[in-house]
Amino acid sequence: MSAGKLCKRNVITTGRDCTIREAAHLMRKHHVGCLVITEEKSGIIEPVGIVTDRDIVMEVIAEDLDLNEVNVGDIMSYALLKVQESDSIIETAQRMRARGVRRVPVVSDSCELLGIIALDDILELLSEELSMLARLTSREAEQEHKKRA
């Protein structure tokens, strides 16, 4: 399966100038743990950073900074890992592991934001696949038993 097929297409985005308070409200409203920071470049909405709920806690709240004075652009991850929609899930998971990230934007060949994949999405897919394989094994045993009975 490709990253483009697994990704969630409804990505919650904002610009660099969004305050931390606004970002927290967006995350709560949409029940998400991150915001993808985007910029329009040549008519394409491109991901340029990501801010997670953990970033807000570690970089702003723990440092006792004013939520209205800090913008997501001040704390976002700039070395953003992006994957192509055609990348395989295995390749995507390997790149996520290598970079130590739990969420990754999925982009087109022109770097346009298409979706986002979280570690949870990959775990759910693999869990379903393993469950199917486990059922196959038990079904095979049932078939063999019926043949011999």
Quick one: which residue in G100, G115 is modelled with pLDDT of 95 or more and out of contact with any Pro (no Cβ under 6 Å at 6 or more places or on another chain)? G115
Checking the structure you have, find out if any residue of the range 50-58 is without any contact (Cβ under 8 Å) to a residue 24 or more places away in the chain and either assigned to a loop (DSSP other than H, G, I, E, B) or under 13 Å from C18 (Cα atoms) (or both). no
Selected residue (only one of E63, E40 is assigned to a loop (DSSP other than H, G, I, E, B), free of Cβ contacts under 8 Å to residues at least 24 places away in the same chain and either more than 17 Å from R103 (Cα to Cα) or touching a His at 6+ places or on another chain (Cβ under 9 Å) (or both)): E63
Odd one out for L80 among (1) within 13 Å of the chain's Cα centre (by Cα); (2) modelled with pLDDT of 95 or more: (2)
Using beta carbons and a limit of 8 Å, which pairs, at least six apart or on different chains, have the first residue in the range 94-110 and surrounded by fewer than 12 Cβ atoms within 10 Å (Cβ to Cβ) and the second one of a type in the set (A, V, I, L, M, F, W, C)? S110/I44
Any idea how many residues of the range 97-142 are under 19 Å from Y78 (Cα atoms), part of a loop (DSSP other than H, G, I, E, B) and either of a type in the set (D, E, K, R) or in contact with a Cys (Cβ under 6 Å, 6 or more places away or on another chain) (or both)? 2
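Restricting attention to the range 117-131, does a residue exist that is of a type in the set (A, V, I, L, M), surrounded by 10 or more Cβ atoms within 10 Å (Cβ to Cβ) and under 13 Å from V36 (Cβ atoms)?
For the range 117-131, residues of a type in the set (A, V, I, L, M), surrounded by 10 or more Cβ atoms within 10 Å (Cβ to Cβ) and under 13 Å from V36 (Cβ atoms): present.
The values are calculated or read from the model by the stated rules, or taken from the named source; none is laboratory data. No experiment lies behind these values; they were computed from the predicted model shown. Reconstructed Cβ throughout: ideal geometry from the backbone, glycine too, with neighbour counts over all protein chains shown.
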